[in-house]
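To start, I am sharing the structure in question, which I have written as structure tokens.
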Amino acid sequence: MRPAVMLVCILGFIVPAQLVSTTPLPKRIVIAASTLFDGKGHVLRDTRIVIDGTKIVAIDPKAAPVDYDLRGLTVLPGWIDSHVHLAWSFGKDGKNGSGGWTPEEAAYQTASNAWVTLMAGFTTVQSLGSPADVALRGAIARGDLPGPRVLTAVEPLMGQGEKTGTPDEIRAFVRKQKQAGADLIKIFANYSVNRPNLMLSQEQLDAACDEAKKQGLRTLVHAYKDAVRSATMAGCTEIEHGVLATDDDLKLMAAKGVYLDPQAGLVWENYLRNKEKFVGTPGYPASLEGFASMQELILVYHDFMKRALKIPGLKIVFGTDALAGSHGRNAEEFVDRVRDVGVDPMAAMVSANSVAAEALRLSDQIGSIAPGLEADIIALDGDPLKDITAVRRVVFVMKGGVVYKYAVR
Ligand SMILES: [Zn+2]
């Protein structure tokens, strides 16, 4: 396909933006940057990135000629969101969970969620728990659809007490996901801050995480309170949410190298912003008044993340739980983390770059800007170290050497 030109409105100006498709890849691209974050916490000044095919081949201040002049912007590795739900959209009547779309319409919705996520600067996502992710992952990997690189859990293991199954049945479920193409296993050990009763016994959790390990898969456990310790003891590799875990639980996670993926706000802000769409749907308050308590819950999440930040050696990744209403707004979670929780802005960036890549076991491919890695590169209009809202102004997106957004004035 030949490059197409589209108009993008940025900061009130209409500017041409190039939308370049996947084939053929230009032989060599040079990007000039005045401020470059390497994804590991270092800042490089006045340098150039050389890309050949899908990969970065050199960082060379003298490389020429320059194809993309990104000086004056902040250039950094494409972000990684460790927790999204790309197949989750509002139903045809606008309500959450109501469906009503034909399979074709639903597929386009999912493709659109992938597109807006990529345009927001996220070049890799971990989509946690829908078989629909598998076809999407393939279409994006083949270059048929623009979107972030997708890792999927296929179907999650929902803790349902004894009904979940015997340890052997749970092991068979894990193997079934692997056969269906899972990159990781998602497990619900319990459900929420208000319903923290354990839905999987220690024996069941042990079986799930041990079998995944045998299959070479990571395990992401949706866990609150006591479930955090159980999952850590079971050898699972990452905790989603984690709220109400004690400091001792968090210290145990740090000692065992278990990653934590907490949330500072976007997921709740999205429920409040779209409460008419969520109200009365399964798992959400029956009346609009019921959403008021979410404001208090946001503070509980903030306090939890503040505590987690103080645990030495605890590795915190960036995950938004993006779902219907918040696809493409993933970067708001950075703003929440820095503004409301006091996360250091560079630590926030690194949590979505090298730390996330390490959690995904993909450090040799993504998460930093260095020779040999995939050319996943974005640019922000502004400096997130001085003003975190710069994360809302993604003006350049390259994934695997292909430029998907170039809206630089
Ligand atoms: Zn989720």
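Quick one: how many residues across the stretch 64-94 are touching a strand residue (DSSP E or B) at 6+ places or on another chain (Cβ under 6 Å) and within 14 Å of the ligand (Cβ to nearest atom)?
5
Here's another thing I want to ask about it. Go through the stretch 54-97 and give me each residue that's touching a residue at least 60 places away in the same chain (Cβ under 8 Å), small (Gly, Ala, Ser), surrounded by 14 or more Cβ atoms within 10 Å (Cβ to Cβ) and part of a loop (DSSP other than H, G, I, E, B).
Answer for the stretch 54-97, where residues must be touching a residue at least 60 places away in the same chain (Cβ under 8 Å), small (Gly, Ala, Ser), surrounded by 14 or more Cβ atoms within 10 Å (Cβ to Cβ) and part of a loop (DSSP other than H, G, I, E, B): Gly78, Ser89, Gly97.
For Val335, state whether it is of a type in the set (Val, Ile, Thr), buried (at least 17 other Cβ atoms within 10 Å of the Cβ) and within 16 Å of the ligand (Cβ to nearest atom). Walk me through how you get there before you give the answer.
On the way: of a type in the set (Val, Ile, Thr): yes; buried (at least 17 other Cβ atoms within 10 Å of the Cβ): yes; within 16 Å of the ligand (Cβ to nearest atom): no.
So Val335 does not fit the description; no.
If Met158 satisfies every condition in (1) under 18 Å from the mean Cα position of the chain (by Cα); (2) farther than 30 Å from Pro384 by Cα; (3) within 16 Å of the ligand (Cβ to nearest atom) but one, which is the exception?
(1)
Please work out if Gly265 is within 16 Å of the ligand (Cβ to nearest atom), closer than 23 Å to Ala348 by Cα and at pLDDT 95 or above. Can you show your working first?
On the way: within 16 Å of the ligand (Cβ to nearest atom): yes; closer than 23 Å to Ala348 by Cα: yes; at pLDDT 95 or above: no.
No, not satisfied.
Sort out which residues of the stretch 238-283 are more than 16 Å from Ala322 (Cα to Cα) and part of a helix (DSSP H, G or I), and write them in order of number.
Correct list: Asp247, Asp248, Asp249, Leu250, Lys251, Leu252, Met253, Ala254, Ala255, Lys256, Glu276.
Would it be correct to say that Ala223 is over 25 Å from Val355 (Cβ atoms) and among the small types (Gly, Ala, Ser)? Steps first, please.
Values: over 25 Å from Val355 (Cβ atoms): no; among the small types (Gly, Ala, Ser): yes.
When the stated conditions are applied, Ala223 does not pass them.
Looking at the stretch 177-197, can you tell me whether even one residue there is within 18 Å of Met233 (Cβ to Cβ), modelled with pLDDT of 95 or more and among the charged types (D, E, K, R)? I'd like the intermediate steps shown before the answer.
At the first step, the residues of the stretch 177-197 found to be within 18 Å of Met233 (Cβ to Cβ) are 185, 187-190, 196-197.
The next check asks that each one be modelled with pLDDT of 95 or more; those that pass are 185, 187-189.
Subsequent filtering for residues that are among the charged types (D, E, K, R) retains none.
No, there is no match, as no residue in the stretch 177-197 is within 18 Å of Met233 (Cβ to Cβ), modelled with pLDDT of 95 or more and among the charged types (D, E, K, R).
Among Phe291, Phe318, Phe278, which is among the aromatic types (Phe, Trp, Tyr), surrounded by 14 or more Cβ atoms within 10 Å (Cβ to Cβ) and either farther than 29 Å from Thr124 by Cα or more than 16 Å from the ligand (Cβ to nearest atom) (or both)? Write out each step before concluding.
Working: Phe318 fails: either farther than 29 Å from Thr124 by Cα or more than 16 Å from the ligand (Cβ to nearest atom) (or both); Phe278 fails: either farther than 29 Å from Thr124 by Cα or more than 16 Å from the ligand (Cβ to nearest atom) (or both).
Selected residue: Phe291, the only one of Phe291, Phe318, Phe278 that is among the aromatic types (Phe, Trp, Tyr), surrounded by 14 or more Cβ atoms within 10 Å (Cβ to Cβ) and either farther than 29 Å from Thr124 by Cα or more than 16 Å from the ligand (Cβ to nearest atom) (or both).
Pick out the one residue from Asp383, Asp364 that is under 29 Å from Asp144 (Cα atoms), surrounded by fewer than 20 Cβ atoms within 10 Å (Cβ to Cβ) and either touching a helix residue (DSSP H, G or I) at 6+ places or on another chain (Cβ under 9 Å) or basic (Lys, Arg) (or both). Spell out the reasoning first.
Details: Asp383 fails: under 29 Å from Asp144 (Cα atoms).
Just one listed residue meets the conditions, Asp364.
In addition: Restricting to the stretch 294-315, give me the number of residues that are surrounded by 20 or more Cβ atoms within 10 Å (Cβ to Cβ) and within 16 Å of the ligand (Cβ to nearest atom).
The number of residues fulfilling the criteria is 1.
Ok, one more. Out of Ala356, Ala286, Ala348, Ala352, I need the residue that is within 16 Å of the ligand (Cβ to nearest atom) and small (Gly, Ala, Ser). Which one?
On the way: Ala286 fails: within 16 Å of the ligand (Cβ to nearest atom); Ala348 fails: within 16 Å of the ligand (Cβ to nearest atom); Ala352 fails: within 16 Å of the ligand (Cβ to nearest atom).
The unique qualifying residue is Ala356.
Could you please find all residues in the stretch 305-325 being among the small types (Gly, Ala, Ser) and within 12 Å of the chain's Cα centre (by Cα)? It would help to see each step written out before you state the result.
Taking the stretch 305-325 first, the residues among the small types (Gly, Ala, Ser) are 308, 313, 319, 322, 324-325.
Within the stretch 305-325, Gly319, Ala322 meet the criteria.
A further question on this structure: Restricting to the stretch 133-154, and then to whatever is within 15 Å of the ligand (Cβ to nearest atom) and of a type outside the set (Val, Ile, Thr), can you tell me which residue is surrounded by the fewest Cβ atoms within 10 Å (Cβ to Cβ)?
Here the answer is Leu151.
The values are calculated or read from the model by the stated rules, or taken from the named source; none is laboratory data. Computed from a predicted model, the values in this text were never measured in an experiment. Methodologically, a virtual Cβ is constructed for each residue, glycine included, from the backbone with ideal geometry; neighbour enumeration extends over all protein chains shown.
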